[in-house]
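In what follows, a single structure is set out as structure tokens and then discussed.
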Amino acid sequence: MNQTEKSIFRSIDWVIILLYVILVVWGWFSVCGASYDFSDPNIFGWESNSGKQLVWGGTSFILATFLMLIEKRFYEAGSYFIYVAVIILLLATIFIAPDTKGSHSWLPIGPVKLQPAEFAKFATALALGKFMSEYSFSLRNTRDFLTVVGLIVLPMALIIGQRETGSALVFFAFFLMLYREGMTGALLFTGFITVVYFVVGIRYGDVLMSYLPVSVGEFTVLLLAMMCTIGLVWVYCRDIAIVKIMAAVGFGTTAFMLLFSFFVIPFNFCPVMLVVNILFVIYMMFQAFYHKLFTYVLVSLFCVFSSGFYYICDTLFDHLKPHQRIRIEVLLGIEDDPRGAGYNVNQAKIAIGSGGFAGKGFLNGTQTKLKYVPEQHTDFIFCTVGEEEGFIGSVGVLITYLFFIWRLIFLSERQPDTLGRVYGYSVVSIFIFHLFINVGMVLGLTPVIGIPLPFFSYGGSNVWGFTILLFIFLRMDAERGLKQEKY
Amino acid sequence: MIETSYHNRKYILGGVVLFIVITFTVRLAYLQLMSDEYKTFADSNAFLNNVIFPARGAIYDRNGDLLVYNQPAYDIMVVMREVKDLDTLDFCETLGMSKDEFVMRMNNISDRTKNPGYSPYMQQIFLSQLPSKDFSVFQEKLFRFKGFYIRERSVRRYTYPYAAHLLGDVAEVSQQDILANNYYMPGDYIGKQGVERSYEEELRGVKGVQVLLRDAQGRIHGHYKDGAYDRKPVPGKNLTLSIDIELQKLGERLMQGKLGAIVAIEPSTGEILAMVSAPNYDPRKMEGRERGKRMGVMLKDPRRPMLNRAIQGTYPPGSTFKTAQGLTFLQEGIVKSWTSYPCLRGFRHAHRKIGCHGHPSPITFVPAMGTSCNGYFCWGLYYMLGDRNKYSTVHDAITVWKDYMVAMGFGYKLGVDMPGEARGLIPNAQFYDKIYGPSWSAINVLPISIGQGEVTLTPLQIANLGATIANRGHYITPHVVKNVEGGNLADSLLQRHDVPVDKKYYELVVAGMRNAVTSGTCSSANNPWYEVCGKTGTAQNRGHDHSVFMGFAPRVNPKIAVAVYVENGGWGASYGVPIGALMMEQYIRGELCKASMKRAQTIQGKYIQYKF
């Protein structure tokens, strides 16, 4: 062992390794619980999922050790190459992969199947890190920004081509990283508010206000559009006088209409609010020319988009695939069909809810083992935790993840260069996204999007994919001291 | 150069994670800590409670004759998801149903509004209680009908076409039954009427259960905890009724074509020997799937065959009530055995006239009882209620009177071990205050002394009056079950009730009732073998009078007390007395003599025309 490797060994972040081992081991126990068969209680056999998962977990430690030996230079030099190779692999997968439940994402290699989409994450993260660490790079530069978006969207499109929409959506996580790297918060905000519009618009679109012939959804979306427009003008254009005028006109009109409709003649005043929003747009365009401030144009665009969103929402919603539409409807509580589309989520809730405070004990869960929860050992693995380990175990997993992600943020922040930081934040963002969507789905808070819970869900691609993602970063982090010595 | 201007955004990202974790924690707390609802769901999900039904107890008569037993029947079950390539035509032909019926049934099963527990994976009842002969044809073809299964159940069978009201019946539990008692699950059977209902808990036994582990596809993974939670069913207990089925049969024959009731009681034990309600129905026609259809028809019948008149019919007792009056007056000292009252074709006083038939006047107690003199008992009540030395007000007087009546078992339920017993009506002071205002007098209420007016009794109460007199002053709560196998009768059924009237006064009433048989209204009940005591009643009624008889025999150590009530039967002597006499003869002698058989034949053939 030479000098460099010794110092690397010393500067490895053992906190994250500890958390990693905890999660992998905990995950293995959960898979045991989920795939335990009352009539065949052998949890170590290769035949059982738990036995296989033991192999995946064990090999991932070897994989991790191996990855720790690959120097950062290699990634600096080879990131584009890796990215292109993965893109080709993804493209090929669409055509080679056999049909597995309608998805073309699994490549059979010998006795095992691999999912290239899992490896596209670190490849994209590396490519982004490399590209963004170019000296001339700036997110403010439209060309650079669009290239970054392109780098993200390309693998996404290919994965959608494999009919793995869930895995593709994970790539949205990179926008969290971009936010840290200086992307304007307005974009994230727009994304967020779009989801809010959609949820409110669909959920309350057909609900009328009490006593008034006004759709709650339509009214709320238009009011939110009005408020957000005024808010954006306030934050980004910083002209209080204009904000005051817009607020007075907008809220004044709305309040007047509401009272008039309530006390005098009930009528649907949403078109009036729409007109007010259009007036805002005209007013802001005028301001844009007058003050020569492009921001007003952007806010105007936001306002047009927001105001129109409700009306295109229905159309958009109608164009979703029926099973996706039903999933959303069930989630929003419009449809209640516990034996149909809501079956998965409902059974998941039953499994978790039946765990109580302390759970039923290891291998004692009935719901998950008797296969009431579909995909119990993969996407719905958190059910097993909830059922067998109860509230304590579930919150324990969440808190472990919390510290894990916080530690990753800390590590990312201490990276000496952009590549390390961008890559680190990509890892952070991907973990956040997976945790949020996967656990949220099991708890019935987010739509059912089939993505795994890192280290917990059964599968080699899951454990290996996240191990690769994580340990490339850990090696980079371990090298930070060396760099400082060099300079 | 490292860009540091967005350094603070790490806090926002860290905060986002914290926010997500807190939200999930709150959600977990809500799911796992706030309610047990999901736990219940989980249990019903994963544990299949395979219920094992115990055999329902059989019912015997007092002589050990089997009356009610079980026979296997078969429910046809369907698992909707498994029904494939069904030859509908063949299927319908086998079960003898039309295609429309088949389609309607299948639609009803999968309609959650009609079948709330529907699941396409689980067995649903397609057809219930298929009789064995239809079943065997179906079973041969069962392999062709994918998704159809057979579940064995048992149905009640009746040996005799008699005692339907008494035995009652068994049917699927209603929603109310399930709500009232969480022992029952949809599809369980429960006693609906009669003894089947009042002894439901003894007869049904206790369901057993096997707790099986079941996966989402409905496959069974063995017993939970190796059967630690399994329970064996406890079979139902057999009942021995106090009914004599031969006596019951005779009673039902005699009441053919009439409305009314017969109740026979063994005075020394309170055991009911026969309880007839007419019109009756054949309990065998209520077996299994026929029940629903028959019920509908019977509920529409204006003769109300479902009503058990013996305990649910409330009638004016007519002159049979005079015995109770006599006892009260004697005990209160209002009349003595030698007291005589005038009765010139009735009671005439203070513009009140209550008619009577021809007999010598004035008249003393025993002959008054024998001739059923209305005047005598009107005078008795008149003097009792008017006695201001003994009672300060008429209210006090009637309260004393009422207490005697209640002590004799009137005005309240006797507590027979049958459901739906009526209490009848014994008016009290408040009752009359409501009708007449506070200042009423004996004159207003006189008809109650001859069993008319506001007073109503059930035939059971009339029979119980006979038993009380036969016992010379006490009765045991009348009951129809003699013995519960391996169990005890409720204490309340063996309770002795004493009437606060001296035995010597009872002897006077007995003498009067004997007098009625030897030389009075009941003379046709007289026979050479044993001494019958009886009292007729002719309860006035708009239209035809009701024919009533109450009696017991023998006079010493009575074996049977009988009450007969024939609606619109006219004189007490026309139906009441002969029916009562035949019942006594059958029970005491074990059979009818030739002449009696002929008489029974005649009575059985007499139909009374009723207008509805």
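Taken together, the values in this text are just the output of simple stated rules run on the coordinates, not laboratory data. Note that this is a predicted model, so its numbers are computed, not measured. Virtual Cβ from ideal backbone geometry, glycine too; neighbours counted across all protein chains shown.
Between B:Ala55 and B:Asn108, full extension at 0.36 nm per residue minus the direct alpha carbon distance yields a gain of 16.0 nm. Charge tally for A:Met156 (other residues, Cβ to Cβ under 12 Å; Lys, Arg +1; Asp, Glu -1): 0. Taking other Cβ atoms within 10 Å as a rough exposure proxy, A:His434, B:His351, B:His7 sort from fewest to most as B:His351, B:His7, A:His434. Placing +1 on each Lys and Arg Cβ and -1 on each Asp and Glu Cβ, with no other charges, gives chain B a dipole about its Cα centre of roughly 1200 debye. For the set A:Lys52/B:Lys84; B:Lys300/B:Lys606; B:Lys249/B:Lys559; B:Lys146/B:Lys192; B:Lys141/B:Lys232, the pairs lying more than 29 angstrom apart at their alpha carbons are A:Lys52/B:Lys84; B:Lys146/B:Lys192; B:Lys141/B:Lys232.
Label reach from B:Thr159 (point 7 Å along Cα→C-beta): in the range B:251-293, amide nitrogens under 16 Å belong to B:283-284. For the protein assembly as shown, the residue among B:Leu33, A:Met246, A:Leu470 whose Cα projects farthest onto the positive side of the dipole built from Cβ charges is B:Leu33. The Kirkwood hydrodynamic radius of the range B:514-585, based on inverse pair distances between different Cα atoms, is 11.7 Å.
When A:Ser60, B:Ser596 are arranged by Cβ crowding within 10 Å, least crowded first, meaning fewest neighbours, the order is B:Ser596, A:Ser60.
Computed on the Cα trace of the protein assembly as shown, the radius of gyration divided by the Kirkwood hydrodynamic radius gives Rg/Rh = 1.21.
Would you mind ranking B:Tyr69, A:Tyr135, B:Tyr60, B:Tyr575 by Cβ crowding within 10 Å, fewest neighbours first?
So the residues, fewest neighbours to most, are A:Tyr135, B:Tyr69, B:Tyr60, B:Tyr575.
Full extension of the chain between B:Phe143 and B:Glu454 yields a length gain of 105.2 nm, computed as 0.36 nm times the residue separation minus the alpha carbon distance.
A convex hull fitted to the Cα coordinates of chain A yields 177 cubic angstrom per residue. When the square roots of the Cα gyration tensor eigenvalues are ordered a ≥ b ≥ c, the ratio a/c for the range A:186-319 is 1.5 or more and a/b does not exceed b/c, which makes its shape oblate.
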